[in-house]
Amino acid sequence: QTVVTQEPSLTVSPGGTVTLTCSSNTGAVTSANSPNWFQQKPGQAPRALIYSTSNKHSWTPARFSGSLLGGKAALTLSGVQPEDEAEYYCLLHYGGARLWLFGGGTKLTVL
Amino acid sequence: QVQLVESGGGMVQPGRSLRLSCVGSVFPFSSYGLHWVRQAPGKGLEWVAIISYDGSNEYYADSVKGRFTISRDNSKNTLYLQMNSLRTDDTAVYYCAKAEGPYISYGMDVWGQGTTVTVSS
């Protein structure tokens with residue numbers, strides 16, 4: 001069974017930098033997995049941030065960036081703002097298995 | 001701006017069926033794939049299914065395969081999720097989301113606000 005894993009929680013200070021990661025138990029995450037990242041705040045629908053590893057949507061703040069790092073997908077927030085406190089989810093595509101999978105989410109606290 | 005509005009949620013007994021709908025507007029509906037994603041109370045996001053722009057290809061999560069069917073009517077700008085043999089662990093908010101492109105290899109960009117399904121006796 002394929003499992004996508006994220007850090008359950010991270011804490012960062014305002015103005016700081018933090019990197020969230022997303023790994024797969026099937027091996028290294030690559031661009032073929034088309035990593036996507038989403039932000040969700042309590043009581044709201046998720047909002048897309050990053051697609052195809054590192055591409056930003058028109059509404060994505062410049063402080064968010066996506067990459068591949070050491071066999072994992074990564075989301076880096078630089079110059080964190082209080083409003084960035086939220087749950088973050090990665091999504092990976094497994095074309096051979098004909099499915100998409102979300103990670104369990106990372107709760108980011110800005111403190 | 002792009003809009004997706006889900007409907008059809010409600011309370012249903014285990015073993016029964018329910019059909020969700022999602023109407024899209026302010027974008028060329030027939031040119032994009034569409035996903036269903038769900039979120040159980042207090043839990044994370046779970047991808048459910050995707051259908052290609054023309055309905056010719058579909059993927060399903062293992063947890064719903066054989067019970068749920070995704071379909072679309074491009075003449076009505078509407079996406080559907082037929083849910084049969086419902087179980088208590090299908091209880092969740094169900095979101096529809098527009099794919100970034102026409103095929104099943106594209107993730108989501110715009111999401112609806114969700115519709116709540118409760119499966120309980």
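The values are calculated or read from the model by the stated rules, or taken from the named source; none is laboratory data. From a predicted model like this one, the values you see are computed outputs, not experimental measurements. Backbone-built Cβ (ideal geometry, glycine too); neighbour counts: all protein chains shown.
Within segment B:63-79, can one find any residue that is buried (at least 22 other Cβ atoms within 10 Å of the Cβ), more than 14 Å from chain A (Cβ to nearest Cβ), touching a Lys or Arg at 6+ places or on another chain (Cβ under 6 Å) and farther than 16 Å from residue A:100 by Cα?
yes
Can you work out which of the residues in segment B:46-58 that are touching a residue at least 40 places away in the same chain (Cβ under 8 Å) and either basic (Lys, Arg) or crowded, with 23+ Cβ neighbours inside 10 Å (or both) is nearest to the other protein chains (Cβ to nearest Cβ)?
The selected residue is B:50.
Just wondering, is there one or more residues in segment A:93-102 that are aliphatic (A, V, I, L, M), surrounded by fewer than 21 Cβ atoms within 10 Å (Cβ to Cβ) and modelled with pLDDT under 95?
yes
Inside segment B:77-121, can you point out the residues that are assigned to a loop (DSSP other than H, G, I, E, B), hydrophobic (A, V, I, L, M, F, W, C) and either in contact with a Pro (Cβ under 9 Å, 6 or more places away or on another chain) or closer than 13 Å to residue B:39 by Cα (or both)?
Listed by number, the list holds a single entry, B:86.
Kindly list the number of the only condition in (1) surrounded by 14 or more Cβ atoms within 10 Å (Cβ to Cβ); (2) within 14 Å of chain A (Cβ to nearest Cβ) that fails for residue B:113.
Only one criterion in (1) surrounded by 14 or more Cβ atoms within 10 Å (Cβ to Cβ); (2) within 14 Å of chain A (Cβ to nearest Cβ) is unmet by residue B:113, namely (1).
Quick one: in segment A:64-99, of everything that is without any contact (Cβ under 8 Å) to a residue 40 or more places away in the chain and within 11 Å of residue A:35 (Cβ to Cβ), which residue is nearest to the other protein chains (Cβ to nearest Cβ)?
Filtering segment A:64-99 for residues that are without any contact (Cβ under 8 Å) to a residue 40 or more places away in the chain and within 11 Å of residue A:35 (Cβ to Cβ), the one nearest to the other protein chains (Cβ to nearest Cβ) comes out as A:66.
Take residue A:46 and decide whether it is modelled with pLDDT of 95 or more and under 15 Å from the mean Cα position of the chain (by Cα).
Taking the combined requirement at face value, the residue satisfies it.
Exactly one condition in (1) farther than 24 Å from residue A:13 by Cα; (2) touching a Leu at 6+ places or on another chain (Cβ under 6 Å); (3) among the aliphatic types (A, V, I, L, M) is not met by residue A:91; state its number.
That leaves (2) as the condition not met.
Consider residue B:23 against the criteria (1) under 15 Å from the mean Cα position of the chain (by Cα); (2) surrounded by fewer than 20 Cβ atoms within 10 Å (Cβ to Cβ); (3) farther than 18 Å from residue B:109 by Cβ: it satisfies all of them except one. Which criterion is unmet?
(3)
Quick grid of which residues meet (1) of a type in the set (Asp, Glu); (2) touching a strand residue (DSSP E or B) at 6+ places or on another chain (Cβ under 7 Å):
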| residue | (1), (2) |
| --- | --- |
| A:59 | no, no |
| A:63 | no, yes |
| A:75 | no, yes |
| A:84 | yes, yes |
| A:99 | no, yes |
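Kindly provide the set of residues from segment A:26-61 that are hydroxyl-bearing (Ser, Thr, Tyr) and either facing chain B (nearest Cβ under 10 Å) or touching a Phe, Trp or Tyr at 6+ places or on another chain (Cβ under 7 Å) (or both), ordered by number.
A:34, A:51, A:52, A:58
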